[in-house]
Amino acid sequence: MVYGSYATGYRAGGFNARGSNEPTVGPYDPEEVGSWEIGLRTQPTDRLQLNLTGFVAEYTDKQQFVVTDGTQCELAATQTCTFIRNAAETTNQGVEVEGVWMPTDRLTIRGTYGYLDAEFDSYDFDGTDISDRAQVIYAPENTFSLMADHTSSVLGGTLIVSGTFSYRSDVWGAAAYETYNYETGPVINIDSHDQLDLSATWLRDVAQGQLKLMVYGTDVLEGDGRVARAYDAGAFSWSELVPGRQIGVTVGYEF
């Protein structure tokens, strides 16, 4: 099957919950998007599916957090003001590839790859276009995943063993890009990350319900934590950490 589509949508306007006084509260207007998509859906055999998608999404009146010095919201110059403004236009375009293969009735293998090119077309900061240096945040250029599930009968129940390896290229965190210095930092570019998740789930029907036992490990190749989000507001900066390897056991009874 070959298809093409065009869709429009919006994110409603509103008020800034982080506003500290009347000028920073808002309101701000809706953000709108127009999206083109073409795709190919195939099933070469009963056990194989291959899908290809290309897309272009154009955002207008994009809602952006804009951080300024305090003079723009009736505070001291050494303080900061946080606004939400319809300040930007962006174009997101890319391709996605998906595949599902079932070599046996018990084994399923899935793979995905995505390429994304996300850029600001314009970014108005108090009359100055900063689209040449602003970055679209948390938009990885490349993503990849490979997943496998195997189902078997064990001890009178069903055992499902799963594994997922995923990759995400580096991404930009948030910053006050009108003043951000790429040479001196702070560092807000978050490194690429690959992750392996494993799990084994045993299910067995019992009287008036189902018993469930799961052993799992997330990010098993990474012993330390990592930075997941980063932000530079000019006057201050911070990073949000997430844990690395976690191993656990879950026991449940559904009835």
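The values are calculated or read from the model by the stated rules, or taken from the named source; none is laboratory data. Note that the coordinates shown come from a computational prediction; the quantities given were computed from them, not determined experimentally. Neighbour counts are summed over all protein chains in view; Cβ atoms, including those assigned to glycine, are modelled from backbone coordinates with ideal geometry.
Could you list, in sequence order, all residues of region 68-89 that are of a type in the set (Gly, Ala, Ser), surrounded by 15 or more Cβ atoms within 10 Å (Cβ to Cβ) and not in a strand (DSSP E or B)? Spell out how you get there, then give the answer.
Kept after step one, since they are of a type in the set (Gly, Ala, Ser), are these residues of region 68-89: 70, 76-77, 87-88.
Right, trim to surrounded by 15 or more Cβ atoms within 10 Å (Cβ to Cβ) and you get 70, 87-88.
Selection gives 70 alone.
Out of 125, 83, I need the residue that is over 26 Å from residue 240 (Cα atoms), in the same structural domain as residue 72 (by TED's automatic domain parsing) and at pLDDT below 95. Which one? Give the steps one after another, and end with the answer.
Values: 83 fails: over 26 Å from residue 240 (Cα atoms).
Just a single option satisfies the conditions, and that option is 125.
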Counting only residues that are among the acidic types (Asp, Glu) and part of a loop (DSSP other than H, G, I, E, B), region 169-199 contains a total of 4
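From the list 164, 184, exactly one residue is of a type in the set (S, T, N, Q) and surrounded by 12 or more Cβ atoms within 10 Å (Cβ to Cβ). Which is it? Before the answer, list the steps.
Values: 184 fails: surrounded by 12 or more Cβ atoms within 10 Å (Cβ to Cβ).
Selected residue: 164, the only one of 164, 184 that is of a type in the set (S, T, N, Q) and surrounded by 12 or more Cβ atoms within 10 Å (Cβ to Cβ).
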Among the listed residues 145, 131, identify the single one that is farther than 15 Å from residue 62 by Cα, out of contact with any Leu (no Cβ under 7 Å at 6 or more places or on another chain), small (Gly, Ala, Ser) and surrounded by 16 or more Cβ atoms within 10 Å (Cβ to Cβ). 145
Can you confirm whether residue 92 is in a strand (DSSP E or B) and either free of Cβ contacts under 8 Å to residues at least 40 places away in the same chain or closer than 28 Å to residue 174 by Cβ (or both)? yes
Every residue from region 181-231 that is on the phi > 0 side of the Ramachandran plot and out of contact with any Phe, Trp or Tyr (no Cβ under 9 Å at 6 or more places or on another chain): 185, 219
Reported set for region 215-255 where residues are in contact with a Pro (Cβ under 6 Å, 6 or more places away or on another chain) and either hydrophobic (A, V, I, L, M, F, W, C) or not in a strand (DSSP E or B) (or both) is 225
